[in-house]
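Since the structure comes first, as structure tokens, the remarks are kept for the end.
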Amino acid sequence: MKACPHCGGELSAPAAHRGELERQLGDASAAANLRERARSADGNHGKAVRLADTEFVAWRGYVWAKVRVRKAGTCCISAAAIPPGAWAWRQLSEVRDRDDRVHADAWADL
């Protein structure tokens, strides 16, 4: 990605144009490393895998983080309801599919 998906501005300069993963980690190279690891783990036949030595999961080529949801949603794997305040996984890699959530129970064994 060479331009900010929100405003089209150049990504190399201000922090406002950094992706969510970069902002959360505070390190663009670490974020790029995690994104690349998630892409390379994508050949695992659709199963989520823990990215070793991190609290993140790789699935669909995205990096997913466990979060408390603010508003109700639906699990994109099981279609289970996710109420506000519940734990779920959300992807931090890209803008597309950013509203997808995975109920925490779906990946409880990771």
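The values are calculated or read from the model by the stated rules, or taken from the named source; none is laboratory data. Keep in mind that what you see is a predicted model, and the values were worked out from it rather than measured. Positions of Cβ are generated from backbone atoms using ideal geometry, with glycine treated the same way; all protein chains shown enter the neighbour counts. SASA here: full protein model, heavy atoms, side chains in, ligands and nucleic acids out. Shrake-Rupley method; radii C 1.70, N 1.55, O 1.52, S 1.80 Å.
How about region 24-64: which of its residues are of a type in the set (Gly, Ala, Ser) and under 10 Å from the mean Cα position of the chain (by Cα)?
We begin by selecting, within region 24-64, every residue of a type in the set (Gly, Ala, Ser); these are 26, 28-32, 38, 40-41, 43, 46, 48, 52, 58, 61.
Once the filter is applied, which keeps residues that are of a type in the set (Gly, Ala, Ser) and under 10 Å from the mean Cα position of the chain (by Cα), region 24-64 yields Ala38, Ala58, Gly61.
Please go through region 65-96 and give me each residue that is under 20 Å from Glu55 (Cα atoms) and under 13 Å from the mean Cα position of the chain (by Cα), ordered by number. Within region 65-96, Ala65, Lys66, Val67, Ala88, Trp89, Arg90, Gln91, Leu92, Ser93, Glu94 qualify. If Gly85 satisfies every condition in (1) at pLDDT below 90; (2) farther than 19 Å from Asp97 by Cα but one, which is the exception? So the condition that Gly85 fails would be (1). The C-beta contact set for region 68-83 (first residue exposed (fewer than 14 other Cβ atoms within 10 Å of the Cβ), second residue of a type in the set (Phe, Trp, Tyr) and at pLDDT 95 or above, distance under 8 angstrom, 6+ apart or interchain) comprises Arg68/Trp87. Once region 1-23 is narrowed to residues that are at pLDDT below 65 and of a type in the set (A, V, I, L, M), the residue that is farthest from the chain's Cα centre (by Cα) is Ala13.
When you check Glu94 against the structure, is it under 13 Å from Trp107 (Cα atoms), open to solvent by 30 Å² or more (accessible area, probe 1.4 Å) and assigned to a loop (DSSP other than H, G, I, E, B), yes or no?
Values: under 13 Å from Trp107 (Cα atoms): no; open to solvent by 30 Å² or more (accessible area, probe 1.4 Å): yes; assigned to a loop (DSSP other than H, G, I, E, B): yes.
Taking the combined requirement at face value, the residue does not satisfy it.
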